[in-house]
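First comes the structure, then the notes that go with it.
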Amino acid sequence: MTPPRLRELLDQISRTRVLVIGDVMLDQFIWGGVNRISPEAPVPVVEFERESFMPGGAANVARNLTSLGGQAELFGVVGQDANAAQLKRLLKDQRVGCSGLLSVKGHHTATKTRIVAHKQQVTRLDRETRGDITAGNLQRLLGRFDRILDRVDAVSIGDYAKGVVTQPLLDAVRERCRARGRWLSLDPKPSHALDLRGLSLLTPNRKEAFELAGITDSVRNPHPLKDGPLIRVVETLLKDLQPALLLITLGELGMMLCQRGKTPFHIPTVAQEVFDVSGAGDTVIASFTLAIAAGASPIEAALFSNHAAGIVVGKIGTATVTPDEMLQWLEGSE
């Protein structure tokens with residue numbers, strides 16, 4: 001992708017609107033240093049320095065959309081608690097529409113607290129309400145979804161197995177998107193069994209792809225197009241799930257774009273340094289969906305998302321990427 005084409009695409013993205021529906025979270029980071037081991041147990045003592053908060057889960061997908069210059073509307077469930085208020089403030093600051101967030105009494109806003117010392121994550125504490133969304137709340141959510149769907153260009157489902165993305169919700173969203181000709185992306189979680197057939201885009205990593213296909217992973221070939229087991233997984237998923245596009249992320253080996261009837265297209269990673277992969281999958285699905293909705297070809301969208309992910313993994317925490325960073329990255333690599 002050339003800088004002029006990237007500028008053109010970014011200009012189109014500024015007029016693109018994506019609806020994100022799924023499990024929203026608040027990511028809390030507690031930063032500190034370690035100088036000693038606790039006398040109470042064989043664990044490090046982290047001396048507090050500062051804390052920060054970021055949108056997580058489906059909220060991080062939405063945050064990635066607006067960071068790249070797109071428009072985003074977020075749909076999900078939060079509690080009536082301080083963490084929900086904190087999350088909404090963050091989203092408002094990042095120009096994410098929150099009219100689709102349901103505040104449910106007794107529900108704990110999903111919060112992940114990560115303790116980080118010397119750029120290394122020491123531990124993580126999760127606070128959340130387990131269990132699927134109720135039928136009543138599902139209908140409330142879909143009612144809000146219906147009121148805005150005609151005014152968006154694409155939909156992305158953020159499934160983190162926290163209870164919002166159920167089979168009834170996926171079926172309803174898929175049916176509505178098909179009826180209106182809307183692009184529908186999903187980053188699958190094999191541990192959360194769902195009927196994923198007939199979506200526009202699936203973005204599993206290698207481990208998730210093998211699990212979805214029911215095939216045991218074996219020795220990896222450093223050349224993905226010569227990786228027999230991986231190619232068999234691609235063929236199985238394209239046949240069984242029938243996505244329009246399958247994008248498998250391969251870590252340090254980049255990613256592979258797959259379509260029925262075509263040879264897979266491998267894109268090597270552009271990451272120069274990897275500090276933190278937290279949220280990198282969110283960046284991939286957000287940037288690919290934005291690019292496609294803005295008129296990019298599948299290969300252009302894959303290149304765009306590969307560059308976005310390469311920038312994000314060089315940052316600490318659930319980070320995002322901006323249009324200026326994308327342009328600087330591409331111009332500097334020429």
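What is the dipole size for segment 20-144, taken about its Cα centre, with +1 at each Lys and Arg Cβ and -1 at each Asp and Glu Cβ, in debye to the nearest 20?
With Lys and Arg at +1 and Asp and Glu at -1, about 260 debye.
Over the chain, what is the percentage of antiparallel beta bridges among all DSSP beta bridges, to the nearest 5?
45 percent
Could you check what % of the DSSP bridge pairs in segment 1-116 are antiparallel, to the nearest 5?
40 percent
Please give the net charge around ARG63, taking every other residue with its beta carbon less than 11 angstrom from that of ARG63, where Lys and Arg add +1 and Asp and Glu add -1.
Net charge in that neighbourhood comes out at -2.
Could you state the orientation-averaged shadow area of the convex hull built on the Cα atoms of the chain, in nm² to one decimal?
Computing the convex hull of the Cα atoms and averaging its projections yields 18.1 nm².
PHE210: net charge of surrounding residues, Cβ under 14 Å, Lys/Arg +1, Asp/Glu -1, itself excluded?
Every neighbour counted, the sum reads -1.
Ranked from highest to lowest mean number of other Cβ atoms within 10 Å per residue, what is the order of the peptides 68-74, 168-174, 234-240?
Listed from highest to lowest mean packing, they are 68-74, 168-174, 234-240.
Any chance you could tell me what percent of the C-alpha pair distances in segment 120-206 go past 17 Å?
54 percent
Rounded, prolate or oblate: which fits segment 67-130 when a ≥ b ≥ c are the square roots of the eigenvalues of the alpha-carbon gyration tensor, with rounded for a/c under 1.5 and prolate only if a/b beats b/c?
oblate
Just round it to a whole percent: the fraction of Cα-Cα distances in segment 165-213 exceeding 18 Å.
Everything past 18 Å amounts to 29 percent.
Beyond a 29 Å Cα-Cα separation, which of these cross-linked pairs lie in this structure: LYS88/LYS119; LYS189/LYS239; LYS105/LYS189; LYS105/LYS207?
LYS105/LYS207
Going by how many other beta carbons lie within 10 Å of each one, how would you line up THR123, THR320, THR269, fewest first?
THR123, THR269, THR320
Which of the listed residues, PRO323, ILE231, TYR160, is farthest toward the dipole's positive end in the chain, when Lys, Arg count +1 and Asp, Glu count -1 at the beta-carbon?
TYR160
Per DSSP H run of at least 4 residues, take -39500 (n - 2.57); add these up for the chain, divide by its residues and hand me the 222 nm value, nearest 500 deg cm²/dmol.
Theoretical 222 nm ellipticity from helices: -11500 deg cm²/dmol.
Charges at C-beta only: +1 for Lys and Arg, -1 for Asp and Glu. How large is the resulting dipole of the chain about its Cα centre, in Debye rounded to 20?
Using Cβ point charges on Lys, Arg, Asp and Glu, the chain gives about 740 debye.
Students often check this: by mean Cβ neighbours within 10 Å, which of 129-139, 242-252, 304-314, 31-41 ranks highest, and how do the rest follow?
304-314, 242-252, 129-139, 31-41
No value in this document is a laboratory result; all are computed from the given coordinates. It should be emphasised that the depicted structure is a prediction, and the values quoted were computed from it without experimental measurement. Using ideal geometry, Cβ is built from the backbone for each residue, glycine included, and neighbour counts are taken over all protein chains shown.
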